[in-house]
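Have a look at the structure below, then the notes.
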Amino acid sequence: MTFWPLIKVLPVQTNLKFVRFAVIGGIASIVAVIASLALALYPLKPPCFGLACGIDFKGGTVLEITTAPKAVDLHAARGAVSTLKLGDVQVQAFGAASSAVVRYQVPENDQNGATTLAVKAKLAQVLPGVKFVRTDTVGAKVSGELLQKGVLALGLAILLMLVYIWFRFELQFGLGAVAALFHDVILTFGLIAIMRIEFNLQAIAGILTIIGYSMNDTVVVFDRLRENLRKYKRMPLRDVIDLSINEMLTRTIITSLTAVIALVALAAFGGPTLFGLSIIMLFGILIGTYSSIYVAAPVIMLWGVKRSDEPAEPMKPANARP
């Protein structure tokens with residue numbers, strides 16, 4: 001008996017009516033966006049409002065240690081400091097294998113460096129012969145600058161995506177893509193708020209990755225939509241949108257599933273340091289696939305599109321020779 005690969009289970013061509021549920025999807029997306037904004041912004045208390053600020057944006061203490069000539073046991077160090085319940089604790093290798101930096105938050109009622117002394121005592125228990133090289137404090141000013149630059153990076157990425165889509169397609173395509181990006185980013189902030197994931201530079205990196213993935217998926221759908229608009233000039237726009245999404249559905253599922261498998265493994269075995277980033281990216285890929293279908297494409301349908309007389313360029317098979 002011959003066993004076919006699992007990918008053979010996916011149909012080559014589907015005929016699902018996505019546009020039929022566009023209104024329901026739009027309402028659900030609007031409700032989810034409003035709820036996510038409320039969770040991310042309430043209470044209105046800077047610097048991170050409703051999000052769980054990490055050391056990068058809230059400030060804290062950086063402790064550099066060395067266990068030379070032995071390598072630092074990062075897992076043991078992280079576990080020891082985490083027992084002190086100091087919030088976002090980060091233990092990372094620094095230069096040589098025998099050096100590391102420990103980042104932790106200091107309570108507001110800390111007196112005479114009692115927290116730092118407790119951290120050093122815990123590290124000394126699990127890392128025999130540990131030496132403390134330096135102790136620095138990340139102040140509110142530096143943390144505020146990092147937060148400002150992180151938010152600026154997100155805004156600039158979305159703006160550049162709008163410009164890219166505008167030049168490659170048309171303005172209404174760009175508006176649909178940006179609507180999908182805002183949808184994905186805001187819902188990701190809602191997830192971070194609900195799960196109390198530490199909002200730090202890793203979270204910003206994850207959101208930027210989501211922007212890139214969501215835009216890539218949207219561009220693939222838009223490219224097929226533009227081709228079908230030239231090919232089927234008399235077909236109603238809603239039918240062209242359904243056709244384009246169905247033609248790209250199998251490809252989208254395969255791409256998303258590949259990334260999901262890798263991220264699930266990373267979340268399960270990557271440890272607490274990478275868990276938050278893995279969950280953010282996993283959610284972003286799933287919601288990015290949804291938004292390409294029920295946010296970006298419906299905006300095109302509402303806005304309308306100008307059909308040119310330019311004939312469609314036939315697509316070459318993947319194995320065709322140039």
| said: Any residue that is at pLDDT 90 or above, polar (S, T, N, Q), part of a helix (DSSP H, G or I) and out of contact with any Leu (no Cβ under 8 Å at 6 or more places or on another chain) - is there at least one of those in the range 123-138? | reply: yes
| Do you know which of the residues in the range 85-133 that are under 34 Å from the mean Cα position of the chain (by Cα) and surrounded by fewer than 16 Cβ atoms within 10 Å (Cβ to Cβ) is farthest from Q202 (Cα to Cα)? | E108
| request: Inspect the range 36-59 for any residue being outside any loop (DSSP other than H, G, I, E, B), more than 18 Å from E198 (Cβ to Cβ) and out of contact with any Ser or Thr (no Cβ under 7 Å at 6 or more places or on another chain) and give the result as yes or no. | output: yes
| task | Output yes when any residue across the range 101-115 is modelled with pLDDT under 90, polar (S, T, N, Q), assigned to a loop (DSSP other than H, G, I, E, B) and under 24 Å from K149 (Cβ atoms), and no when none is. | result | yes
| Residues of the range 163-190 being polar (S, T, N, Q) and crowded, with 21+ Cβ neighbours inside 10 Å, which ones? | T188
| task | Using the structure shown, decide if T218 is in contact (Cβ under 8 Å) with a residue 40 or more places away in the chain, in a helix (DSSP H, G or I), polar (S, T, N, Q) and farther than 30 Å from Y104 by Cβ. | result | yes
| Being small (G, A, S) and in contact with a Ser or Thr (Cβ under 8 Å, 6 or more places away or on another chain), is that true of even one residue in the range 154-163? | no
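The values are calculated or read from the model by the stated rules, or taken from the named source; none is laboratory data. Only a predicted model underlies this, so the values are computations on that prediction, with no experimental measurement involved. Neighbour counts are summed over all protein chains in view; Cβ atoms, including those assigned to glycine, are modelled from backbone coordinates with ideal geometry.
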